[in-house]
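The values are calculated or read from the model by the stated rules, or taken from the named source; none is laboratory data. Keep in mind that this is a model prediction, so the values were computed, not measured. Note that each Cβ is placed from the backbone with ideal geometry, even for glycine, and that neighbours are counted across all protein chains shown.
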Amino acid sequence: MPQKFKGTGVAIVTPFHREGNIDFKSFERMIEYQITSGIDYIVFLGTTGEAVTLNYDEKHALVNYAIETVAGRVPVVVGIGGNNTQEIISIIKKTSFEGIDAILSVSPYYNKPQQKGIYYHYKNIAAASPVPVIIYNVPSRTASNISAETTLRIAHDFPNVIGIKEASKDLSQCALILRDRHKDFLVISGDDSTTIPLIAMGGNGVISVIANAYPAEFSKMVKHCLQNDFVKARTIYFSLIDLIDAIFADGSPSGIKALLDIKGMVKNNLRLPLVKVNKGLYKHLSTLVEQYEGSEVAVK
C-alpha cells in the first residue's frame, strides 16, 4: 500500500463559479490534466482545495464526482481532519470508502494540544479508519507541531498510519523521522520548496501545490530526485522557484488560483474568508508565467 503514495501527489484546488457554487466542469478538467500529465495520486479536500469552506453535502458530492472521474486510474486520497476528534470519527463512520485509497488527516488546529493529545487523536482515527491514514503536520496553520518523537510513536503503534505529510519546513525534524522510521513509513514533503532536500535525505515524494499548474514538470523533477539525479531535478526546480514563491506570497490557495486563472484553467474565484491576490501580485504572476512557458524547461 505505501508504494501507491510515493512520487508526486497533487493537493488539487476546488474550482468555484462567480456565485460561489462548485464548478464541476473545471474540476473534471483539472483531474484529467493531472492524470494525463503523469502525477502519481490526487489529494482531494485538502488545504489547497478550500475544504474548510465546504459543507458536508458539498464535500460528499465533490468526492463522489472525483472518484467517478478518476475511475481508478490513480490513487485517491481524501482529507478528513480537524480539531474535534469525535467529529472526525463520526465523519469516517458515515463515509463510503469505495474508490478512496487513503485519508489525509491534519493535526488538530487552534486547540494547541499536547503531544499526548495528538497521539491519542491519531490513535482514535487509526482505529476508526478502514483505509490507511497519512498524518499531516503543518504547524504554520495549526499552531501545533507534531514532534518527531510523536510521529515515530504513532508510526510504530498504528500500522494503518502509513506516512506523514511534513510541512513543518524543519529539515532536522524530518531527518530524525527518516532516520528512525520503520522501512514502510512514508515521509512526504508538504512544501514544494523542501521537496528536493527531503527526498535527498530519503523522503518518498511530495504532495504539491504548484503541480496544479505544472504537473508534468514537477512530477518529472520528483522522479529525477527519486532516481538520485539531483542535477536534472535542480534544473527544473530553479526554473519554477520564482513561481513557487509567488503563489504563496499573498496567501494560499489564493496564489495558485490566480496562476490557474492566468493559464485559463480555473476561474479566480475563492470562498470567504479567502480573497483574490492583490493586483500587483497577479500582474507579477502573469509575467512569470510568460517567462517560464517561453523557457526551454517548460513542457510544451
Worksheet item: Any residue at all in the range 238-245 that is more than 12 Å from residue 210 (Cβ to Cβ), touching a residue at least 24 places away in the same chain (Cβ under 8 Å) and not polar (S, T, N, Q)?
Response: no
Within the range 75-109, residues being in contact (Cβ under 8 Å) with a residue 40 or more places away in the chain, among the hydrophobic types (A, V, I, L, M, F, W, C) and over 17 Å from residue 123 (Cα atoms) number 1
By residue number, the members of the range 202-216 that are of a type outside the set (Gly, Ala, Ser) and either assigned to a loop (DSSP other than H, G, I, E, B) or surrounded by fewer than 21 Cβ atoms within 10 Å (Cβ to Cβ) (or both) are 204, 209, 214
Considering the range 5-33, residues that are closer than 13 Å to residue 257 by Cα and of a type in the set (Val, Ile, Thr), and then whichever is surrounded by the most Cβ atoms within 10 Å (Cβ to Cβ), we arrive at 14
message = Going by what's in this entry, would residue 131 be described as within 22 Å of residue 184 (Cα to Cα) and either in contact with a Gly (Cβ under 8 Å, 6 or more places away or on another chain) or surrounded by 16 or more Cβ atoms within 10 Å (Cβ to Cβ) (or both)?
response = yes
Condition check for residue 266: modelled with pLDDT of 95 or more, buried (at least 22 other Cβ atoms within 10 Å of the Cβ) and not in a helix (DSSP H, G or I):
yes
Restricted to the range 86-104 and to residues being more than 21 Å from residue 3 (Cβ to Cβ) and among the aliphatic types (A, V, I, L, M), the residue surrounded by the most Cβ atoms within 10 Å (Cβ to Cβ) is 88
- Determine if the range 217-231 includes at least one residue that is more than 20 Å from the chain's Cα centre (by Cα), of a type in the set (A, V, I, L, M, F, W, C) and at pLDDT 95 or above. yes
Answer yes if at least one residue in the range 234-250 is under 17 Å from residue 11 (Cβ atoms), modelled with pLDDT of 95 or more, acidic (Asp, Glu) and touching a Ser or Thr at 6+ places or on another chain (Cβ under 8 Å), and no otherwise. no
The correct count of residues that are outside any helix (DSSP H, G or I) and either within 26 Å of the chain's Cα centre (by Cα) or among the aliphatic types (A, V, I, L, M) (or both) in the range 280-300 is 4
Reported set for the range 85-135 where residues are closer than 21 Å to residue 43 by Cβ and polar (S, T, N, Q) is 95, 96, 105, 107, 129
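Considering the range 230-251 alone, what residues qualify as being part of a helix (DSSP H, G or I) and surrounded by fewer than 17 Cβ atoms within 10 Å (Cβ to Cβ)? Even if it seems obvious, please write down each step before you answer.
Taking the range 230-251 and keeping what is part of a helix (DSSP H, G or I), we get 230-247.
Passing the criteria: 230, 231, 232, 234, 235, 238, 241, 242, 245.
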Given (1) farther than 26 Å from residue 34 by Cα; (2) crowded, with 24+ Cβ neighbours inside 10 Å, residue 188 misses just (1)
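Hey, can you tell me all the residues within the range 206-227 that are farther than 16 Å from residue 12 by Cβ and either touching a Leu at 6+ places or on another chain (Cβ under 7 Å) or polar (S, T, N, Q) (or both)? Before the answer, list the steps.
We begin by selecting, within the range 206-227, every residue farther than 16 Å from residue 12 by Cβ; these are 217, 220-227.
Result: 217, 227.
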Apart from one, (1) free of Cβ contacts under 8 Å to residues at least 40 places away in the same chain; (2) over 19 Å from the mean Cα position of the chain (by Cα); (3) farther than 27 Å from residue 147 by Cβ all hold for residue 22; the odd one out is (1)
